[in-house]
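Shown below is the structure under consideration.
Each reported figure results from applying straightforward, stated rules to the coordinates on display, with no laboratory input. This is a predicted model, so every value here is computed, not measured. Cβ coordinates were reconstructed from backbone atoms using ideal geometry, including for glycine residues, and neighbour counts include every protein chain displayed.
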């Protein structure tokens, strides 16, 4: 997860959360872990400037310097590709990683398991070719254990 903002903003790399004015935030709630992280850094009673419901909507509201958002690299790279005035920076205390799960039926028949293996191979190829996606590693857990 990265800070994304206009290139003329006052922000830079390794920005501290306390240096970000929540009243300038364009917020997309990336899940409960993100919301918990957000509430630990900003007063939950002080709302962001605007809340949107899709990653593609973020870039529409970041055209004014000092407005900011937090987003994964997949959203950041798409936004920057569409608007060369946007940049991204790392956060000193980033939110927890956004995790996507694959759910399958463990009692699937053999023909279905074969189909699942094909999908898994395609998914692995896609993940390996996309620098915006990382795989889960144990260091991503706060306590370091599964």
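Give the peptides 95-101, 121-127 in descending order of average Cβ contacts within 10 Å, highest first.
Working: 95-101: 12.3, 121-127: 10.7.
Peptide ranking by packing, descending: 95-101, 121-127.
Something else about it: Taking the chain as the reference, fit the longest principal axis to its C-alpha atoms, fit the long axis of helix 73-82 to the helix C-alpha atoms, and give the angle between the two in degrees, 0 to 90, nearest 10.
Helix 73-82 sits roughly 60 degrees off the main axis of the chain.
Right, something else. In a GNM of the chain with a 10 Å cut-off on Cα contacts, which of 69, 79, 108 has the highest mean-square fluctuation?
It is 108.
So if each residue of separation counts as 0.36 nm, and I subtract the Cα-Cα distance between residue 74 and residue 134, what length gain in nm does that give?
Values: separation 60, 0.36 × 60 = 21.60 nm, distance 1.04 nm.
Difference between extended and current length: 20.6 nm.
Moving on. Just grab the label-to-label distance for residue 7 and residue 32, each label 7 Å out from Cα along the Cβ direction, in nm (one decimal).
4.1 nm
Counting only DSSP beta bridges with both residues in the chain, tell me the antiparallel percent, nearest 5.
Here the antiparallel bridges make up roughly 65 percent for the chain.
Continuing with the same structure: Quote to one decimal, in nm, the extra length available between residue 90 and residue 14 on full extension: 0.36 nm per residue of separation minus the C-alpha distance between them. Spell out each step's value before the answer.
On the way: separation 76, 0.36 × 76 = 27.36 nm, distance 0.50 nm.
Stretched out fully, the residue 90 to residue 14 stretch lengthens by 26.9 nm.
Test of understanding: ordering 103, 75 by Cβ neighbours within 10 Å, fewest first, what list do you get? It would help to have the intermediate numbers written out before the result.
Details: 103 5, 75 25.
By the 10 Å Cβ count, ascending: 103, 75.
If I fit a long axis through the Cα atoms of helix 110-129 and take the longest principal axis of the Cα atoms of the chain, what angle between them do I get, 0 to 90°, rounded to 10?
Taking Cα atoms only, the helix is inclined about 40 degrees.
Please rank 9, 74, 109, fewest neighbouring Cβ atoms within 10 Å first, as an exposure proxy.
Working: 9 20, 74 14, 109 9.
The order, fewest Cβ neighbours first, is 109, 74, 9.
OK, next. Have a look at 133, 116, 64 and tell me which one the Gaussian network model of the chain (Cα, springs below 10 Å) gives the largest fluctuation.
Top of the fluctuation ranking is 116.
Another one. Once you've got the GNM for the chain with C-alpha springs shorter than 10 Å, pick whichever of 31, 12, 115 has the biggest mean-square fluctuation.
115
Mind pulling the angle between the C-alpha long axis of helix 32-41 and the longest principal axis of the chain? Nearest 10 degrees, somewhere in 0 to 90.
Helix 32-41 sits roughly 30 degrees off the main axis of the chain.
Order these peptides, 40-46, 16-22, by their mean beta-carbon neighbour count within 10 angstrom, highest first.
Details: 40-46: 11.1, 16-22: 14.3.
Ranking, from highest mean packing down: 16-22, 40-46.
For the pair residue 50 and residue 114, how long in nm is the line joining their label points, each one 7 Å along Cα→Cβ?
A separation of 5.2 nm, rounded to one decimal place.
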